[in-house]
There are 2 protein chains.
Amino acid sequence: MLHQEFIHKLEDLLGKDRCTFSPEDMVAYSYDANPEKRAQPEGMVSPKNKEEVAEIMKLAYAYDVPVTPRGGGSGYTGGCVPVQGGIVMAMDRFNRILEIDRDNFIVIVEPGVVVQDLQAEVDRIGQMYPPDPASVAFATIGGNIAENAGGIRAAKYGVTKHYVMGLEVVLPTGEIVRTGSKCVKDVAGYNLTELFVGSEGTLGIITKAVLKVVPKPEARRTMTATFSTLEKAAEAVSAIYATGVRPATLEFLDRISLEAVEKAIAFGAKPEEGALLLIEVDGSDHALDAEVEKIQTACEQCGVITFRKAQSDEDREDLWKARRALSFALCEIATEWEDDDISVPIARIPAMIRKLDQIAERHHIIIANFGHYGDGNIHIGMTTGKNGGPFPMKAKQEVVAAVVELEGRIAAEHGIGCVKVENLHWNIDEPTMNLMRRFKTLLDPKGLLNPGKVMPKG
Amino acid sequence: MLHQEFIHKLEDLLGKDRCTFSPEDMVAYSYDANPEKRAQPEGMVSPKNKEEVAEIMKLAYAYDVPVTPRGGGSGYTGGCVPVQGGIVMAMDRFNRILEIDRDNFIVIVEPGVVVQDLQAEVDRIGQMYPPDPASVAFATIGGNIAENAGGIRAAKYGVTKHYVMGLEVVLPTGEIVRTGSKCVKDVAGYNLTELFVGSEGTLGIITKAVLKVVPKPEARRTMTATFSTLEKAAEAVSAIYATGVRPATLEFLDRISLEAVEKAIAFGAKPEEGALLLIEVDGSDHALDAEVEKIQTACEQCGVITFRKAQSDEDREDLWKARRALSFALCEIATEWEDDDISVPIARIPAMIRKLDQIAERHHIIIANFGHYGDGNIHIGMTTGKNGGPFPMKAKQEVVAAVVELEGRIAAEHGIGCVKVENLHWNIDEPTMNLMRRFKTLLDPKGLLNPGKVMPKG
């Protein structure tokens, strides 16, 4: 229960219209995109500037109240779910694009700006903000930074951390710090920016971000290529990279995913097609035809079954259809899925898929794999099927073990949140975990900021 | 004076051939490329594995001995100069390339590998390690990571931190931690890698690095363009970027630099030429001619005086001649130079140069500017001339003030070291400085690892 005095102080600070403690309002702040993790807070505050954020943190520290920051709520690992109650700090009023510095390829934004809105703004001046997770329409920049979001362009453009040049952060104890700068080359002091990127709101609350943008590519080309097996597709990927061409996007669907989509939307997959690559290159218009040709040749050398090239925007939408229909299509196989988000060094994707096949066989489950081939990021869906029994949780642990064996990571772009906390030790050894804990304790000695996330209990 | 017991324990650990305490040997470990900062250590140790590094740190902690790690000694800000005595830890035995994982575009190296050797190794398999500071022939990877080195390709490819995927680090108190991974998408725990990159060996000793490499560009094209003023050149740079073309290299020489080089090597500069851009694009051969054409058009629209294109490797060397002759040429103007390495957001380079001109005028000094236009990095040489009087140090402070006014950084790619420690407050505010100090103290409570660097005394 929140202390009445604490509540009154928050109301004095923010006014009654920017905080609420009524139980019926709490439902809206109890979840993210992961249906299994829910927890209601006892209050919600909606600050509109960094000073208020700092004051709230000081009050939380005075009254020992957990604080969970919240962006768009579109995460998959419960990062914004207030698992220890306390208050949720909704960052939606931090919704301004503060500066678009076209000449310097920099934008300065508040964390509550929706990613797609930022993308649209910079697009209007011929620039591009590359991180492009599936949730762009509702995810916020702050959430993307907190989770170090990836998306479909990471193969060429990298992930969110590659675009964060500086941050303004309110520390758990209320101090306001500024990291980084507008400069590409900057070695003034320690690089603190990256420590906050991907820390899932456990080390500080982002109140401003200096982001890098890039010139908008003049043109792009979209292709799909199908192969009998994912091994064949993997050979094609190696062959593509060997040409020196760096696709912006390199997505894949495995056989199960492909069959599910074919069943759902009949887009024309043949029974012998066991893997699909969706490839996009972007850059100077002049260069792209040659790149497409190189990709086609590479695919042909590796036994491509069908190679399609988009000739128009309409064609492109058509080629993306299979990838976009996937989530929906998988619901036809089963309504209950255990999802995972892992990454391996890209050349080990086939080995990982083989291991997943073995796990599926061993536990009599269905595993559908798809995701971002170009950066080694596999999204794994596991199910016992529509009328299957309870899911064998041992299979999930076997997936983790397989990831580690291939030098992969148990979390690629969806965070650790509260969902994977107990598995972190698979990737992080004890001395390193200890160091991470010491950083957390240094910044948040009472452990009040987004408790229960990222770090397992020591 | 080192304790005899400490010396004996080091000799027991490493053998007498891998440590020395004789004063005459100490000269070799007393300097870097900055002629003004020298300080002799009292001993030198040369470990060959991480366990030895850890043991040395534990001994240093037991006997309160400062430890200064040393790579190639090619830094410019005294980062490896043992200003508080103690022992130097030479990392030259960590000289193995441990793994070249071609399919995954990853190399794993020890910190003592010379950057150029690594570049040559990956070049042989058609890949490229992009960071390319002028000191590649002797600088080591460890030093490059410690200083977050930049170089001539940063305009397109970024700096060292963009290529460090993971590190093995011995902490000041002897624990061994492992950060990052081989995976592009990796959100398993806090990102500690970047905290160590650019920390100049003050937070830990790097014993292994996982580095990213990229496909080697199929081809490149080299051009030079001269303009009457740097303002005109700046307009051309904006016009080039507006075409969407992203040069890999975009170097500049200002009027003083240009005149000095012309005087030294008579490469054909005309009196009316007051600025030179050296531009390289790389990528798919097919695309480059069109890119060169766009660049040429952009330059022509901005009043280019002479535009030269290299038609051969020999031509290329010729175009690079002016840039390469610069250091030598400046010696003809004066033997004593006060150098600086700063960066500003790229579009503010002309404003910065104007401020530098004013400073030169005010103090009756000569200021020569050159460097990496494409990433806003200006190398500034200041002198009172061959028979000039003592250098007015106030001019240096005015440079710092000008940098800050333009939202630039007082250190771009040469580190803070011990040379700029007292100026760091110009870029880092007190709460942030305080946080940096707390991190340093957490990791190095006795302040024994590379003392006197990066952080000013609190």
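Just so you know, all these numbers are worked out from the coordinates, no wet-lab data involved. None of the values given here were measured: they were computed from a predicted structure. Because the Cβ atoms are built from the backbone with ideal geometry, glycine has one as well, and the counts that use them run over all protein chains shown.
So here's what we get for this one:
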| quantity | calculated |
| --- | --- |
| Geometric extent, Cα atoms of the stretch A:171-287 - Rg, Dmax (angstrom) | 21.6, 60 |
| Nearby lysines by direct alpha-carbon distance to A:K394 (threshold 17 angstrom, same-chain neighbours under 8 apart not counted) | A:K355, A:K420 |
| Shortest-first distances to equivalent copies, position A:L2, nm, label 7 Å out along Cβ | 6.1 |
| Distance histogram for chain A (every C-alpha pair counted, 10 angstrom bins, percent rounded to whole numbers) | 4, 20, 28, 26, 16, 5, 1, 0 |
| Principal axis dimensions, largest first and in whole angstrom, of the protein assembly as shown by Cα | 91, 62, 62 |
| For A:R93, label point 7 Å along C-beta direction: distances to other copies, nm | 6.1 |
| Quarter of the Cα convex hull surface for the stretch B:263-401, i.e. its orientation-mean projected area (nm²) | 9.6 nm² |
| Ascending count of other beta-carbon atoms within 10 Å, so fewest first, for B:F370, B:F267 | B:F267, B:F370 |
| Computed label-point distance, nm, for sites A:T297 and B:E317 using a 7 Å Cα→Cβ extension | 3.1 nm |
| Order of A:D444, B:D340, B:D429, A:D101 under a 10 Å beta carbon neighbour criterion, fewest first | B:D429, A:D101, A:D444, B:D340 |
| Links that overshoot a 31 Å alpha carbon limit, given the list A:K321/B:K185; A:K37/A:K208; A:K58/A:K453; A:K440/B:K182; A:K440/B:K16; A:K16/A:K457 | A:K440/B:K16; A:K16/A:K457 |
| Helical mean residue ellipticity (222 nm; -39500 (n - 2.57) per DSSP H run of 4+; nearest 500) of chain B | -10000 deg cm²/dmol |
| Euclidean distance between Cα centres, the stretch A:225-295 to the stretch B:388-442, Å | 50 Å |
| Candidate aspartates and glutamates for bridging to A:K270, where Cα separation is under 12 Å - those fewer than 8 sequence places away on the same chain excluded | A:E259, A:E262 |
| Estimated inter-spin distance, A:D101 and B:D429, nm [label 7 Å along Cα→Cβ] | 1.6 nm |
| Cα-based reach from A:K309 at 13 Å (exclusive), listing aspartates and glutamates while leaving out same-chain residues under 8 positions away | A:E280, A:D289, A:E291, A:E293, A:E317, A:D318 |
| Inter-copy separations for A:P390, label at 7 Å along Cα-Cβ, nm, ascending | 8.4 |
| Relative contact order [Cα under 8 Å, 6+ residues apart], the stretch B:4-90, whole percent | 36 percent |
| Separation between Cα centres of the stretch B:113-191 and the stretch A:20-63, rounded to whole Å | 40 Å |
| Cβ-based exposure ranking for B:T179, A:T140, A:T384, in which fewest neighbours within 10 Å come first | A:T384, B:T179, A:T140 |
| Using θ = phi - 60° and Karplus 6.51 cos²θ - 1.76 cosθ + 1.60, couplings along the stretch B:101-110 (whole Hz; Gly, Pro as x) | 9, 4, 5, 9, 6, 9, 10, 10, 10, 8 |
